[in-house]
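Before any comments, here is the structure.
The values are calculated or read from the model by the stated rules, or taken from the named source; none is laboratory data. No experiment lies behind these values; they were computed from the predicted model shown. All Cβ positions, even for glycine, are placed from backbone atoms using ideal geometry, and neighbour counts span all protein chains on display.
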């Protein structure tokens with residue numbers, strides 16, 4: 001269970017890195033709530049606001065919010081109009097993130113309601129700071145000699161985001177019409193050839209929440225986490241061409257990889273949380289243990305709910 | 001794994017209850033940082049400030065902080081002077097919490113430093129909103145018929161705080177001079193006769209952080225959590241007279257008890273976190289799953305660190 005003190009002190013830095021927006025950007029107060037149908041669904045940065053200002057028939061920039069034009073009456077009208085703007089921005093090269101257009105829709109909801117308000121391409125949600133929900137599976141082995149070992153994947157070099165970086169064994173966005181557990185089954189099969197039969201022993205382990213920012217945009221992410229103990233002789237095999245290779249690493253080596261610059265930053269919280277829940281990172285070997293744990297669960301829901309309350313109280317537009 | 005929808009929707013209410021100060025009190029902005037030797041160590045409520053105002057030689061009330069007189073040069077001088085005030089308040093019946101004087105010292109530190117600045121009786125820390133650190137052990141059994149079962153204790157009716165309420169199997173404050181794991185061993189033996197031999201398989205599982213408030217004061221608590229799988233035939237036995245009885249409950253019954261008013265409010269987070277980490281409460285049976293998880297890990301360290309940064313920047317006294 002013991003681990004090198006030196007690698008441990010790097011954990012807090014890493015937790016601060018994947019929460020760079022939560023710890024620095026949010027405090028600046030220069031982002032504005034993105035409001036759709038009277039409900040806050042996101043947060044817009046000043047540089048994005050400047051560009052959206054060119055589409056006043058779709059986005060209305062108030063002094064303290066960015067509103068999707070309330071004249072759009074329903075899901076379909078909102079979706080069509082937002083897509084028109086995003087396609088135009090894509091053509092004009094306004095936003096880096098739109099180069100990664102995926103033709104994969106994301107349903108936009110407020111934290112308050114199950115009702116989808118509109119859909120947009122997954123690559124565009126970071127422009128509006130919309131909360132993203134995903135599913136991750138920690139595939140692990142209790143090795144007779146090496147102890148706790150974790151399966152990691154190397155992302156394909158052709159992926160739009162984080163090409164060639166190391167990542168969790170299985171991860172993907174929540175799919176419309178699937179429960180969280182069903183999404184886990186689906187992703188396990190697609191990404192790593194883990195059959196439904198093998199998934200029978202999968203266990204929900206909680207979730208991590210963090211708020212990352214990159215040049216592409218804002219990433220308020222919540223990942224639902226599952227743990228799956230795998231047989232010693234199982235080797236994951238990719239089915240969708242998005243994975244370059246898989247590797248089984250003892251816990252300490254997995255931690256070193258997570259702490260290296262070779263790991264997808266927004267997947268680090270999942271492995272760190274796993275190593276904490278499995279007693280590998282402990283209050284006695286990590287000097288900043290409570291702070292690291294807190295940074296794995298930043299209050300995204302309250303942040304957005306508070307904005308929501310301000311909206312209701314009329315403090316914001 | 002499935003559980004009644006009805007009991008689940010009560011989880012968010014419970015999480016809000018043990019975070020009543022985090023969600024409501026903190027926002028009011030009427031508490032002031034408690035500053036010792038230039039470092040924020042706590043938070044003082046207006047009603048406490050009024051009383052401390054009668055001891056201007058010890059506490060200096062600024063418009064945006066409450067300072068322990070900086071003329072006190074060291075640990076000893078600070079401790080003696082604060083104790084003098086607290087003993088006087090106890091005699092005069094100023095604060096309810098001081099009726100529970102324990103003759104058990106608490107070392108006061110800032111989140112930034114290991115150095116203790118003063119000590120005070122444990123019952124007084126809630127007057128100053130000082131972060132409390134504790135250790136809890138979830139004793140559990142994988143029962144062949146009943147599945148996951150958890151040992152709970154009923155607190156003695158003679159305890160100063162929460163008499164007669166249900167509680168975790170083992171819990172206690174961090175002891176000076178002991179590591180977190182050593183404290184777990186010590187408390188396990190004292191409270192439940194769990195021997196060091198049995199503790200060999202104990203596993204660190206993370207920590208929970210929450211910010212509760214009662215008429216007694218403020219409780220920013222961080223609990224370090226350990227899980228211990230126990231043999232089917234083991235029955236905990238109390239050694240220090242602080243426990244009335246122990247009971248082994250199947251997970252669903254344990255959850256029901258936690259959701260009842262018979263459970264010590266500030267111990268609920270530990271059981272809820274256990275049931276989440278062990279896959280009993282899941283995103284598919286708890287509609288407010290991410291928010292509940294976030295409320296088990298509120299950012300106490302950042303709250304106090306931000307105040308600290310403001311202190312450094314001269315925004316506060």
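Brief remarks on what is shown
- Residue among A:296, A:300 that alone is touching a helix residue (DSSP H, G or I) at 6+ places or on another chain (Cβ under 8 Å), under 21 Å from residue B:180 (Cα atoms) and within 13 Å of chain B (Cβ to nearest Cβ): A:296
- Residue under evaluation residue B:90, criteria (1) at pLDDT 95 or above; (2) buried (at least 21 other Cβ atoms within 10 Å of the Cβ); (3) more than 14 Å from every other protein chain (Cβ to nearest Cβ), criterion not met: (2)
- Strands (runs of 3 or more DSSP E) within region A:115-169 that include 1 or more residues under 14 Å from the mean Cα position of the chain (by Cα) and assigned by TED's automatic domain parsing to the domain that holds residue A:262: A:132-143, A:166-168
- Unique residue being under 30 Å from residue A:22 (Cα atoms), in contact (Cβ under 8 Å) with a residue 24 or more places away in the chain and surrounded by 15 or more Cβ atoms within 10 Å (Cβ to Cβ) when the list is A:170, A:176: A:170
- Scoring residue B:253 on the criteria (1) free of Cβ contacts under 8 Å to residues at least 40 places away in the same chain; (2) in a loop (DSSP other than H, G, I, E, B); (3) away from chain A (no Cβ under 14 Å) leaves a single failure, condition (2).
- Scan of region B:256-270 for residues that are farther than 17 Å from residue A:278 by Cα and within 14 Å of chain A (Cβ to nearest Cβ), ordered by number: B:269
- Summed over region B:191-212, residues that are surrounded by 21 or more Cβ atoms within 10 Å (Cβ to Cβ) and more than 14 Å from chain A (Cβ to nearest Cβ) total 4.
- Output for region B:185-209, where each listed residue is within 18 Å of residue B:241 (Cα to Cα) and touching a residue at least 40 places away in the same chain (Cβ under 8 Å): B:187, B:188, B:189, B:190, B:191, B:192, B:193, B:194
- Test set (1) closer than 30 Å to residue B:181 by Cα; (2) modelled with pLDDT under 95 - residue A:18 fails condition number: (2)
- Top-ranked residue in region B:95-104 [being in contact with a helix residue (DSSP H, G or I) (Cβ under 7 Å, 6 or more places away or on another chain) and modelled with pLDDT under 95; ranked as surrounded by the most Cβ atoms within 10 Å (Cβ to Cβ)]: B:100
- Residue count, region A:189-240 (criterion: touching a strand residue (DSSP E or B) at 6+ places or on another chain (Cβ under 9 Å) and in a strand (DSSP E or B)): 23
- If the condition is being under 19 Å from residue B:115 (Cβ atoms) and at pLDDT below 95, then region B:54-73 contributes only B:73.
- Test for residue B:48: is it under 17 Å from residue B:31 (Cα atoms), part of a helix (DSSP H, G or I) and at pLDDT 95 or above: yes
- Residue A:9 surrounded by fewer than 13 Cβ atoms within 10 Å (Cβ to Cβ) and either in contact with a helix residue (DSSP H, G or I) (Cβ under 9 Å, 6 or more places away or on another chain) or touching a residue at least 12 places away in the same chain (Cβ under 8 Å) (or both): yes
- Residues within region A:170-199 that are farther than 14 Å from residue A:234 by Cβ and over 20 Å from the mean Cα position of the chain (by Cα), tallied: 1
- When each of B:63, B:113 is tested for being surrounded by fewer than 18 Cβ atoms within 10 Å (Cβ to Cβ), more than 28 Å from residue B:181 (Cβ to Cβ) and touching a residue at least 12 places away in the same chain (Cβ under 8 Å), the lone residue that passes is B:63.
Residues checked against (1) more than 22 Å from residue B:89 (Cβ to Cβ); (2) assigned by TED's automatic domain parsing to the domain that holds residue B:285; (3) within 24 Å of the chain's Cα centre (by Cα):
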residue	(1), (2), (3)
B:11	yes, yes, yes
B:15	yes, yes, yes
B:38	yes, no, no
B:56	no, no, no
B:59	no, no, no
B:62	no, no, no
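- Single unsatisfied condition, residue A:132 versus (1) within 14 Å of chain B (Cβ to nearest Cβ); (2) modelled with pLDDT of 95 or more; (3) closer than 14 Å to residue A:42 by Cα: (2)
- Residues (facing chain B (nearest Cβ under 8 Å) and assigned to a helix (DSSP H, G or I)) located in region A:274-291: A:276, A:277, A:289, A:290, A:291
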